[in-house]
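**Student:** Below is a structure I'd like to ask you about.
The values are calculated or read from the model by the stated rules, or taken from the named source; none is laboratory data. Everything numeric in this text was worked out from a predicted model, so none of it was measured. Methodologically, a virtual Cβ is constructed for each residue, glycine included, from the backbone with ideal geometry; neighbour enumeration extends over all protein chains shown. In case anyone asks, the SASA skips ligands and DNA or RNA and just uses the protein heavy atoms, side chains included. Shrake-Rupley method; radii C 1.70, N 1.55, O 1.52, S 1.80 Å.
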Amino acid sequence: KPLRIRETRLSDGSPAYTTNGAPSDCVALALLAILLQPPDLLVSGINPGANMANDILYSGTVTAAMEGVISGIPSLAVSLDTCEEETDFTYAARFTAGLAHQVHERGLPPGVLLNINVPSLPPSEIAGVEITRLGQRLYKDALVKRKDPRGRSYYWIGGERPGGVTKEGTDIWALGNRKVSITPIRLDMTDHPMIDELKKWG
């Protein structure tokens, strides 16, 4: 579909742009059509709703950061662990700004982004920061089949909020223990040991 860009302003008056594209399209449009030179850093989010474990495979927030990494830009994906519509992003924004300064100074390896998940708690209740690995989600999806007024079937995919396997050192464990989770994610998802194994299959 055609992608469109519209100029707008944020609540503080800062100029901004919107598009009808997906989050990764936003990055591509910014790099190809708006910015005269690539940015020093890309921050995707802050997304309401955690993006942990297997979630990253479905996350627009993470794929936008991946688009930045593909273009050689140090990138962060940031999510706040809440589904509430009225949410205070202040702490998450301050934390992200501090981390962004460190990434700008230190850099990130090529092909790597940082996936950050912040507990939706008052700052006084956050127990610290944990450098984590991806955990394992447990999904409780449910499919609802219905008929529209013309008799055609349509579906809703829903279910309960996903849980997760709580293993120390994972992003799920960190959030469950009121900690900010920072997970380095490499775009190369190849299982390298399996390459040699598959070659033996003949």
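**Student:** Does Gly151 satisfy the criteria of being in a strand (DSSP E or B), among the small types (Gly, Ala, Ser) and open to solvent by less than 100 Å² (accessible area, probe 1.4 Å)? So that I can check it myself, show each step before the final result.
**Tutor:** Working: in a strand (DSSP E or B): no; among the small types (Gly, Ala, Ser): yes; open to solvent by less than 100 Å² (accessible area, probe 1.4 Å): yes.
It is false that Gly151 is in a strand (DSSP E or B), among the small types (Gly, Ala, Ser) and open to solvent by less than 100 Å² (accessible area, probe 1.4 Å).
**Student:** What are the residue pairs meeting all of these: first residue in segment 179-193, first residue aliphatic (A, V, I, L, M), second residue in a strand (DSSP E or B) and open to solvent by 80 Å² or more (accessible area, probe 1.4 Å), Cβ atoms under 8 Å, and 6 or more apart or on different chains?
**Tutor:** That search, which allows pairs on different chains as well, returns Ile182/Ile131.
**Student:** Please give the number of the condition Ala53 fails out of (1) at positive phi; (2) open to solvent by 10 Å² or more (accessible area, probe 1.4 Å).
**Tutor:** (2)
**Student:** Got a number for residues in segment 41-50 being touching a helix residue (DSSP H, G or I) at 6+ places or on another chain (Cβ under 6 Å) and either part of a loop (DSSP other than H, G, I, E, B) or open to solvent by 80 Å² or more (accessible area, probe 1.4 Å) (or both)?
**Tutor:** Selection size over segment 41-50: 1.
**Student:** Of all residues in segment 112-138, which are open to solvent by 30 Å² or more (accessible area, probe 1.4 Å), within 18 Å of the chain's Cα centre (by Cα) and not aliphatic (A, V, I, L, M)?
**Tutor:** Result: Ser120, Glu130, Arg133, Gln136, Arg137.
**Student:** Another one. Got a number for residues in segment 96-111 being open to solvent by less than 40 Å² (accessible area, probe 1.4 Å) and over 27 Å from Leu29 (Cβ atoms)? Lay out the reasoning, then the answer.
**Tutor:** Our first condition is that a residue be open to solvent by less than 40 Å² (accessible area, probe 1.4 Å); within segment 96-111, this holds for 96, 98-100, 103, 107, 111.
With over 27 Å from Leu29 (Cβ atoms) added as a condition, the list becomes 98.
Total meeting the criteria: 1.
**Student:** Answer with yes or no whether Gly169 is free of Cβ contacts under 8 Å to residues at least 24 places away in the same chain and open to solvent by less than 70 Å² (accessible area, probe 1.4 Å).
**Tutor:** Details: free of Cβ contacts under 8 Å to residues at least 24 places away in the same chain: no; open to solvent by less than 70 Å² (accessible area, probe 1.4 Å): yes.
Here the answer is no, as Gly169 does not meet what is asked.
**Student:** Moving on to the next point. State whether one or more residues within segment 126-141 are of a type in the set (Asp, Glu), part of a strand (DSSP E or B) and out of contact with any Lys or Arg (no Cβ under 9 Å at 6 or more places or on another chain).
**Tutor:** Looking for residues that are of a type in the set (Asp, Glu), part of a strand (DSSP E or B) and out of contact with any Lys or Arg (no Cβ under 9 Å at 6 or more places or on another chain), one finds at least one in segment 126-141, hence yes.
**Student:** Could you please find all residues in segment 154-163 being open to solvent by less than 100 Å² (accessible area, probe 1.4 Å) and modelled with pLDDT of 90 or more?
**Tutor:** Tyr154
**Student:** Continuing with this model, one more query. Applying the selection to segment 56-88, what residues are open to solvent by less than 60 Å² (accessible area, probe 1.4 Å) and part of a helix (DSSP H, G or I)?
**Tutor:** If the condition is that a residue be open to solvent by less than 60 Å² (accessible area, probe 1.4 Å) and part of a helix (DSSP H, G or I), then Ile56, Gly60, Thr61, Val62, Thr63, Ala64, Ala65, Met66, Glu67, Gly68, Val69 are the ones that fit.
**Student:** Of all residues in segment 179-202, count the ones that are surrounded by 14 or more Cβ atoms within 10 Å (Cβ to Cβ) and in a loop (DSSP other than H, G, I, E, B).
**Tutor:** Matching residues across segment 179-202 total 1.
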